[in-house]
């Protein structure tokens, strides 16, 4: 048989070539799609590799352990804000780690001395620690202390008691309960709890600080000073201890009859405030306390400088405006004093320092050369009397007596003839006054 080939057709079949082309095209599309999927799923890693190749990659995120270590270093150096920020990051990475939660909460409690909003955060951290491990006493101790400092000691005590059911030998629990009992005037129980805290852990500075509070309330001020000195030696990085010890020194300086000892104690208080500023140069509270200490030493011009620095740092610091006005008034700069007292009232609202009322009224009196000034002085001093509670209107209250004396001076002033013969408030028989707690 003879085969006839049509030589006008290609030697190789076109169908086979078309089928092979489609296979390669499909394979190419699959490869491109797979590559794009890989790039999309690994974009962050590939981006980091590319940035590293050109030297622009950001530093890697530290592990929680590294953040906590750096936080403790900042805390030891007295930088509480940085320490809190680092521990906050560590907690965000490991929200169930009670070690990190407890240290973070304790730093928040220290920061609460300057801003009470931190106490609410500490309560939340305490709740988080309890939820993470209900059998760990640290969460209960943290929440007990935070509730007490936030003004809820009645709520704090049941939390502390629940913590004791977990571990009765955890010293910070007893210390936190001591402070809470002191807040509700249970002095005997407060002393017992503080003593138990120190027995369990003599090296806990917070327990010694809290023990000093109870000692102060029962009149054992020398022992309170000793406890604060030991607390400061155990942990010199907490500003609150410096403020409390300095306050004790200043109170002792006012009470002792030995003038040399008074000078020594006041100098020690000033040195402590200076140490706070060495740790925290922008601490407005330390500047205010230096102002007050120098005012007590009758160095009024120096006091004014420190108060001015305090309001420069924090223009909303009502107490600093009050002390600034007082120092200006003592130097007979009545116009500036009135301006400072007005700022005190504007920043302190209805709960402002009473000095901003009665000393402001006296300043208006000394400037009174017109009936209008006399009227202003009379109104301000009268408002001050109305602010003083009836039981505090006694001759032993210097605010009350100075206010009444200012009103009396107006009635006999030749510049205030329209006020002659006006009736003055009369003192109410004195009642027992409770002891004054220590301040910072």
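Where a number appears in this text, it was derived from the coordinates with a stated rule and is not lab data. Only a predicted model underlies this, so the values are computations on that prediction, with no experimental measurement involved. Every residue, glycine as well, gets a Cβ built from its backbone with ideal geometry; the counts of neighbours run over all protein chains shown.
Quick look at the numbers
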| quantity | calculated |
| --- | --- |
| Region 354-432: relative contact order in percent, alpha carbon pairs under 8 Å with at least 6 residues between | 31 |
| At R0 = 30 Å, FRET efficiency that the Cβ-Cβ distance of residue 386 and residue 330 yields, to 0.05 | 0.75 |
| Gyration tensor verdict on region 188-346 (Cα atoms; rounded if a/c is under 1.5, prolate if a/b is larger than b/c, oblate otherwise) | prolate |
| Projected area, mean over directions - region 286-440, Cα convex hull, nm² | 9.6 |
| Peptide ranges 92-98, 82-88 listed from the most packed, as the mean C-beta count within 10 angstrom indicates | 82-88, 92-98 |
| Distant alpha-carbon pairs in region 84-145 (separation over 19 angstrom), percent | 19 |
| Inter-probe distance in nm under a simple model that places probes 7 Å from Cα toward Cβ, at residue 184 and residue 65 | 4.3 |
| Burial ordering of 307, 416, fewest other beta-carbon atoms within 10 Å first | 416, 307 |
| Peptides ranked, highest mean first, by Cβ atoms within 10 Å: ranges 266-275, 134-143 | 134-143, 266-275 |
| Euclidean distance between Cα centres, region 303-371 to region 182-196, Å | 38 |
| Using a Förster distance of 56 Å, the FRET efficiency for residue 233-residue 370 (Cβ separation, nearest 0.05) | 0.40 |
| Spacing of the two label points (7 Å from each Cα toward its C-beta) at residue 256 and residue 395, in nm | 3.2 |
| Average Cα contact separation per residue, region 64-324, under 8 Å, 6 or more apart, as relative contact order % | 10 |
| All-pairs alpha carbon distance profile, region 64-324, 5 Å steps from 0, percent | 1, 7, 12, 16, 18, 17, 14, 9, 5, 2, 1, 0 |
| Ordering of 311-317, 164-170 by packing [mean C-beta count within 10 Å, highest first] | 311-317, 164-170 |
| Relative contact order computed over region 226-280 (Cα-Cα under 8 Å; 6+ residues apart), in percent | 32 |
| Estimated D of region 354-432 in µm² per second, where Rh is the Kirkwood radius over Cα pairs and Stokes-Einstein applies at 10 °C, 1.306 mPa s | 127 |
